[in-house]
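Asker: Next up is a structure, given as structure tokens.
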């Protein structure tokens, strides 16, 4: 079967590449990570570097289970949530052949589904599997718990599968999560990347029915969570409650940033996440290039089908002020 795409999905988070290219310090607003993550003191014992990880990840799953009041049999882990999306698609589209995804949204859902041989349909009613990002990337729109339950009920009535990506929910409103639901028709994905501001760790985890979890654990490559990522994750979950402080900062700074962007004539979509989708009224590619010359990166949303929009992360007040000042220079 021919691969449907020849190029990878475009992502933000190019700060490392830009630094290597220019040797300058870069303010990366293209990566939507926590501006005030919990302080996690962690250490990877050199002993563990001399041994393969425990591929059952028993201790790690027990830690996650305690944190979220779930059973270990309902938990899968992987090298970032993207690996879990790929694994899920490789399993579910062996027997199912159609999928639904909202637009604009994270490009890996459609890419992974098509790689697995599935075809996109225009509504959930015609889909055997559906993908929902909550809150959505890049819009920041948050569906309520009641809305998500309704989508899950609809999925169950159609005998489909609902893949819910909650990568940003810890920095939004965790009370709207489906973490309290145990359904044969749902898989819920999470990540440490955004809420602990550690994209370099590459650690994702998910919750679903034990039968699907067993298949996913079998299909994912062995030892896909390395010793460093596991060591960090084990300590990070001990600080999970501290993310409340991060949410308060994000809410305050999102309001400040939104108001100052509006003062520049930029129109941001209402967001409940730690980023803003902003229509610039001009080619986003050109604006991104001008900001890059000032060592500031924002997410060009052309790849989302929004050629005049950018996505900007909510960072600290001082950093947000630098962005606003740079935009003022580039726009006028």
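Derivation of every value follows stated rules applied to the coordinates shown; laboratory data play no part. Treat the numbers as computed from the prediction; the structure is a model and nothing was measured.
Asker: What angle do you read, to the nearest 10 degrees and between 0 and 90, between the alpha-carbon axis of helix 243-263 and the longest principal axis of the chain?
Answerer: That works out to roughly 40 degrees.
Asker: Once the mean 1/r over all distinct Cα pairs of region 1-97 is inverted, what Kirkwood radius in angstroms do you read off?
Answerer: Working: mean 1/r = 0.0553 Å⁻¹.
The answer is 18.1 Å.
Asker: Another question, if that's okay. Taking 0.36 nm per residue of separation and subtracting the Cα-Cα distance, what length does fully extending residue 325 through residue 66 add?
Answerer: Difference between extended and current length: 88.8 nm.
Asker: Right, something else. Which residue fluctuates the most in the chain, going by a Gaussian network model with Cα springs under 10 Å, if the choices are 271, 175, 30?
Answerer: Top of the fluctuation ranking is 175.
Asker: How many percent of all Cα-Cα pairs in the chain sit more than 28 Å apart?
Answerer: Values: 23354 of 54946 pairs.
Across the chain, Cα pairs with separations above 28 Å total 43 percent.
Asker: Tell me the angle of helix 284-293 to the major Cα principal axis of the chain, expressed in degrees between 0 and 90 and rounded to the nearest ten.
Answerer: Between the helix axis and the principal axis of the chain, the angle is about 70 degrees.
Asker: Per 10 Å bin, what is the whole-percent P(r) computed from every C-alpha pair distance within region 56-241?
Answerer: 10, 40, 39, 11, 0
Asker: Shifting gears a bit: Between residue 122 and residue 240, what length in nm is gained on full extension when 0.36 nm per residue of separation is reduced by their alpha carbon distance?
Answerer: Taking residue 122 through residue 240 to full extension adds about 38.7 nm, to one decimal.
Asker: Regarding region 206-304, what are the three Cα extents along the principal axes, ordered largest first, in Å?
Answerer: On the principal axes, region 206-304 reaches 51, 31, 28 Å in Cα extent.
Asker: Show me the three semi-axes of the equivalent ellipsoid for region 190-233, from the C-alpha gyration tensor (sqrt of 5 times each eigenvalue), largest first, rounded to whole Å.
Answerer: 21, 13, 7
Asker: Nearest 5 percent is fine: what portion of the DSSP beta bridges confined to the chain is antiparallel?
Answerer: The antiparallel fraction comes to roughly 50 percent.
Asker: Next up: Quick one: check the C-alpha center-to-center distance for region 81-111 versus region 239-305, whole angstrom.
Answerer: A separation of 27 Å, based on Cα centres.
Asker: Related question: Can you give the angle from 0 to 90° between the axis of helix 81-92 and the longest principal axis of the chain, with both taken from C-alpha atoms, to the nearest 10?
Answerer: Helix 81-92 sits roughly 40 degrees off the main axis of the chain.
Asker: Pairs of alpha-carbon atoms within less than 8 angstrom and 6+ residues apart define the contacts here; what relative contact order does region 62-148 have, in percent?
Answerer: 25 percent
Asker: Something else: Please state the relative contact order of region 211-316 as a whole percent: Cα pairs under 8 Å, 6+ residues apart?
Answerer: Worked out over region 211-316, it gives 21 percent.
Asker: How large is the helix-only mean residue ellipticity at 222 nm for the chain, computed as the sum of -39500 (n - 2.57) over DSSP H runs with n ≥ 4, divided by its residue count, in deg cm²/dmol to the nearest 500?
Answerer: Theoretical 222 nm ellipticity from helices: -11500 deg cm²/dmol.
Asker: Where is the GNM fluctuation largest for the chain (alpha-carbon springs, 10 angstrom cutoff): 149, 178, 276?
Answerer: With Cα springs under 10 Å in the chain, the top fluctuation among 149, 178, 276 is at 149.
Asker: Using a Gaussian network model of the chain with C-alpha springs under 10 Å, which one of 12, 204, 160 is most mobile by mean-square fluctuation?
Answerer: Between 12, 204, 160, it is 12 that shows the largest mean-square fluctuation.
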